[in-house]
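J.: Structure in structure tokens, see below.
Taken together, the values in this text are just the output of simple stated rules run on the coordinates, not laboratory data. Bear in mind that the values here come from a model prediction, so they are computed numbers and not experimental data. Positions of Cβ are generated from backbone atoms using ideal geometry, with glycine treated the same way; all protein chains shown enter the neighbour counts.
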């Protein structure tokens with residue numbers, strides 16, 4: 001599965017084998033377009049259906065029916081005739097639709113007529129005091145271990161944050177016999193009222209029943225503290241305790257593992273590095289690409305599907321993948337008939353606005369203060385950022401000159417949103433006005449020796465480096 | 001309303017900012033106009049080399065002048081700009097290259113310049129222990145070094161503003177014209193007027209010069225750079241090659257910057273560049289050949305800054321050949337960063353006193369009189 005691409009040109013290259021990427025791949029390949037699906041993981045599924053074809057957790061009940069619905073979509077992609085390469089890292093994409101991809105220690109460049117970016121979401125940074133201590137992880141990381149290896153916590157464990165994934169993870173850990181000592185729910189109380197206008201759509205969406213059942217399942221086994229307004233991790237060299245404030249009352253719990261989660265945001269790095277225009281999304285509080293109804297971006301030939309187009313969940317991702325694929329087919333096979341998916345899209349997005357408002361993270365958990373670290377790569381605190389603003393740093397790109405934020409190996413994934421919002425507030429501007437880091441390839445680091453071994457001339461470059 | 005000041009500087013790179021600062025020091029009040037923000041392009045994203053080494057002879061006096069300022073730069077801008085002086089070394093990879101180095105140093109010595117010094121293989125390996133055994137020697141310029149470009153440009157900008165310079169960032173200078181003996185420039189809804197206009201607009205300067213009747217053969221280029229994740233400290237000086245396109249420097253935090261002049265495709269109107277990974281691959285190959293220790297390093301980022309290159313690879317610097325009160329300071333052809341501090345000082349002397357002790361004659365725009373401009377000018 002880890003051989004280099006067979007060709008140097010494809011009609012369609014899909015990047016990411018989650019719900020959107022798998023759905024898009026199946027459709028374009030079925031339509032007879034030469035399709036290449038590149039994916040970083042060892043198997044299909046992305047994050048939500050991670051390890052769908054390899055998980056040791058075989059019982060349907062434990063991971064839930066939504067998880068197993070991915071198996072069929074993954075199989076359809078496998079049977080579609082598309083070339084699928086796993087453990088492939090796309091490290092460059094430019095406006096000429098040229099893709100730099102690393103497979104098995106060698107890199108190749110390929111060209112596509114259409115590119116569908118389906119690189120999904122990442123967890124929103126959760127910068128609280130002590131979040132860099134060993135023993136503090138994201139809920140997503142814990143879920144990765146659970147899905148791919150069946151690993152669950154057995155030490156004193158606290159889950160903190162908000163959003164559907166937090167509850168899903170709690171339920172999954174408990175079903176697999178893992179340990180959770182306390183769930184700290186940081187959903188701001190005001191959000192329940194703000195979300196009311198969207199409640200009807202949500203009540204009639206599939207999310208409602210599932211969500212409620214899952215929360216009930218967790219509450220039956222673990223003490224849940226709602227309305228948490230402050231959160232800090234502490235310890236000498238590793239996590240030893242978690243302190244929180246709820247209802248004005250402060251409490252400290254001993255803990256060896258703290259799992260943090262406050263929602264997911266689009267993974268923008270590849271699209272932004274390619275030059276795709278993004279705008280600040282006031283509802284989801286993150287950057288989302290500027291797209292038409294089919295997911296086409298500001299760069300001709302590049303479409304974005306799935307959560308990378310704005311958080312919509314797995315069902316919406318599948319429909320978005322199909323819509324982007326349909327548009328690629330229409331462009332490359334004008335005689336083909338394309339089914340209108342707008343009704344399906346509306347159904348899949350139903351209830352999303354409610355979730356977006358309800359789970360909008362509180363300001364104090366997005367914009368830390370004082371000594372709390374913002375940029376983990378360079379160990380830059382919130383105070384450092386504000387001090388730089390005071391002496392003339394006007395935006396994230398200028399801040400690089402003062403503090404090197406965003407220039408480490410994470411390329412801003414763990415500090416970018418925090419930096420934008422902190423600087424916007426300090427300068428009395430909107431995040432849109434403040435902007436984001438200019439992102440650059442390689443989107444994921446590549447070895448110098450691998451870059452050095454790219455074939456020399458143009459012709460040779462098209463033939464692929466192997467191993 | 002027209003606001004009159006002492007000088008209008010177009011372009012907020014290291015050169016525009018340095019000239020603004022030095023004009024302030026001379027008691028003038030300049031306005032600096034930058035269409036993006038100071039240091040957005042080449043001045044903020046270059047390799048940061050502070051190099052007298054291997055320069056065209058016409059630039060050397062300006063470079064030496066600048067070096068003196070770099071060595072006390074904290075006194076000027078209240079920030080050390082990350083300047084470190086570990087020398088710059090030009091590596092000869094063959095005996096023939098070393099012969100050329102020998103001839104060059106002898107020629108410089110004959111002209112009274114002593115900053116370049118020929119070194120043999122032993123001294124080369126003392127200075128750069130990790131270099132491949134096959135390299136027979138090279139040239140060192142011991143006072144040279146490197147600084148942090150964005151930090152430097154920002155520091156000049158900040159100090160100029162503190163001393164009274166008016167800054168306009170994020171708005172382009174338009175409608176440059178001379179009326180009733182004063183230069184006028186529109187900046188959004190504002191108009192500034194001044195007896196002096198400095199064209200320090202980098203890749204955009206050729207257009208201004210052409211509009212004012214002084215077309216020059218200039219093209220827009222975007223030299224590419226890439227940086228690695230931190231590796232264990234193994235090199236102090238900046239290294240450049242005699243025969244191949246490579247410059248190489250390790251920062252105190254362990255990251256290694258790899259440059260050397262391979263070009264990306266610039267899109268000047270979009271403020272964008274498209275990288276050429278095949279050429280970056282060549283740089284990576286050269287590094288891997290010369291420094292075995294680098295083979296397992298990872299590349300974390302590559303980029304390119306947009307700037308102007310003259311046909312003869314040396315800048316246009318000094319008064320206009322056509323207009324009174326117009327001064328050019330552009331076309332530094334991928335090696336203008338080190339010159340910035342000195343060029344600002346000399347430019348201020350030219351503006352305030354009408355002359356300077358620093359020899360800059362070879363850089364005048366006069367040299368392009370009667371030549372045809374290039375297509376991209």
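J.: If you project the alpha carbons of segment A:125-262 onto the principal axes, what extent comes out on each, in Å, largest first?
T.: The Cα atoms of segment A:125-262 stretch 48, 37, 27 Å along the principal axes, largest first.
J.: Could you please rank B:328, B:233, placing first whichever residue has the fewest other Cβ atoms within 10 Å of its Cβ?
T.: B:233, B:328
J.: Rounding to the nearest 10 and keeping the result within 0 to 90°, find how far the Cα-based axis of helix A:206-219 lies from the longest principal axis of chain A.
T.: 40
J.: Related question: From other protein chains only, count the Cβ atoms within 10 Å of every residue's Cβ in A:390-399, then give the mean. Kindly include the intermediate steps, with their values, before the conclusion.
T.: Values: counts 0, 4, 7, 1, 5, 1, 0, 7, 7, 1.
Averaged over the peptide's residues, the number is 3.
J.: Follow-up question, since we're still on this one. Mean-square fluctuation check for chain B, GNM, Cα pairs under 10 Å: which of B:113, B:251, B:337 is largest?
T.: Maximum fluctuation in the GNM of chain B, among the listed residues, is at B:113.
J.: Quick one: helix B:340-353 against the long Cα principal axis of chain B, what's the angle to the nearest 10°, folded into 0 to 90?
T.: 30
J.: Would you mind giving the mean number of other chain beta-carbons within 10 Å of the Cβ of each residue in A:408-419, as a whole number?
T.: Working: counts 6, 5, 1, 2, 0, 0, 0, 0, 0, 0, 0, 0.
Mean partner-chain Cβ count within 10 Å for A:408-419: 1.
J.: What list of whole percents do you get for P(r) of chain A, with Cα-Cα distances grouped in 20 Å bins up to the one holding the largest distance?
T.: Taking every Cα pair in chain A, the percentages come to 24, 58, 18, 0.
J.: Okay, next question. Return the ratio Rg/(2.2 N^0.38 Å) for segment B:181-310, where Rg is computed over Cα atoms only. Let's see the in-between values first.
T.: Working: Rg = 19.5 Å, N = 130, 2.2 N^0.38 = 14.0 Å.
Rg over 2.2 N^0.38 Å, computed on Cα atoms: 1.39.
J.: Select from B:127, B:322, B:246 the residue whose mean-square fluctuation is largest in a Gaussian network model of chain B (Cα-Cα springs shorter than 10 Å).
T.: Result for chain B, Cα springs under 10 Å: B:322 fluctuates most.
J.: How big is the equivalent ellipsoid of segment A:243-299 along its three axes, where each semi-axis is √(5λ) from the Cα gyration tensor, reported in whole Å from largest to smallest?
T.: Square roots of five times the eigenvalues give 38, 14, 8 Å.
J.: Sticking with this one: How large is the helix-only mean residue ellipticity at 222 nm for chain B, computed as the sum of -39500 (n - 2.57) over DSSP H runs with n ≥ 4, divided by its residue count, in deg cm²/dmol to the nearest 500? Kindly include the intermediate steps, with their values, before the conclusion.
T.: Values: 10 runs with 104 residues, N = 377.
Rounded to the nearest 500, it is -8000 deg cm²/dmol.
J.: Kindly put A:113, B:35, A:238 in sequence by how many other C-beta atoms sit within 10 Å of each C-beta, fewest to most.
T.: By the 10 Å Cβ count, ascending, the order reads A:238, A:113, B:35.
J.: Compute the distance from the alpha-carbon center of segment B:242-282 to that of segment B:89-120, in whole Å.
T.: 26
J.: Here is a further query. Could you calculate, for segment B:108-156, the ratio of the Cα radius of gyration to the Kirkwood radius, expressed as Rg to Rh?
T.: That ratio is 1.15, to two decimals.
J.: Here is a further query. Taking every pair of distinct Cα atoms and averaging 1/r, then inverting, what Kirkwood hydrodynamic radius in Å comes out for segment A:22-92?
T.: Evaluated over segment A:22-92, this radius sits at 12.8 Å.
J.: What is the packing order of peptides A:279-289, A:57-67, taking the mean over residues of other C-beta atoms within 10 Å and listing the highest first?
T.: On the way: A:279-289: 18.9, A:57-67: 14.1.
Top to bottom by mean Cβ count within 10 Å: A:279-289, A:57-67.
J.: For Cα pairs less than 8 Å apart in space and 6+ apart in sequence, what is the mean separation divided by the residue count of chain B, i.e. the relative contact order in percent? Mind dumping the intermediate values first?
T.: Numbers: 894 pairs, mean separation 93.8, N = 377.
25 percent.
J.: Continuing with the same structure: Quick one: if the Förster radius is 22 Å, what FRET efficiency do residue A:343 and residue A:65 give, using the C-beta to C-beta distance and rounding to 0.05?
T.: According to the calculation, E is roughly 0.40.
J.: Right, here's the next one. Helix B:95-110 against the longest principal axis of chain B: what's the angle in degrees, Cα atoms only, rounded to the nearest 10?
T.: 50
J.: To continue, here is another question. If you average 1/r across every pair of different Cα atoms in segment A:367-434 and take the reciprocal, what Kirkwood value do you get, in Å?
T.: With all distinct Cα pairs of segment A:367-434 included, I get 11.4 Å.
J.: Is it possible to state the helix-based mean residue ellipticity at 222 nm for chain A, with each DSSP H run of 4+ residues giving -39500 (n - 2.57), the sum divided by total residues, to the nearest 500 deg cm²/dmol? What is it?
T.: On the way: 19 runs with 168 residues, N = 467.
Calculated from helices alone, the mean residue ellipticity at 222 nm is -10000 deg cm²/dmol.
J.: Next question. Peptide B:40-47: average number of partner chain Cβ atoms within 10 Å per residue?
T.: If you average over the peptide's residues, the count of other-chain Cβ atoms is 1.
J.: I would also like to ask the following. Quick one: order B:335, B:22, B:41 by neighbouring beta-carbon count within 10 Å, fewest to most.
T.: Arranged by neighbour count, lowest to highest, B:335, B:22, B:41 become B:335, B:22, B:41.
J.: Next question. Arranged from highest to lowest average of other beta-carbon atoms within 10 Å per residue, in what order do the peptides A:26-37, A:195-206, B:79-90 appear? Don't skip to the answer; put the middle values down first.
T.: Working: A:26-37: 24.0, A:195-206: 15.1, B:79-90: 20.4.
Those peptides, ordered most packed to least, come out A:26-37, B:79-90, A:195-206.
J.: If we restrict to alpha carbons, what Rg and Dmax does the protein assembly as shown come to, in Å?
T.: Cα-based Rg and Dmax for the protein assembly as shown come out at 29.2, 90 Å.
J.: May I ask for the equivalent-ellipsoid semi-axes of chain B, computed as the square root of five times each C-alpha gyration tensor eigenvalue and listed largest first in whole Å?
T.: The equivalent ellipsoid of chain B has semi-axes of 36, 21, 19 Å.
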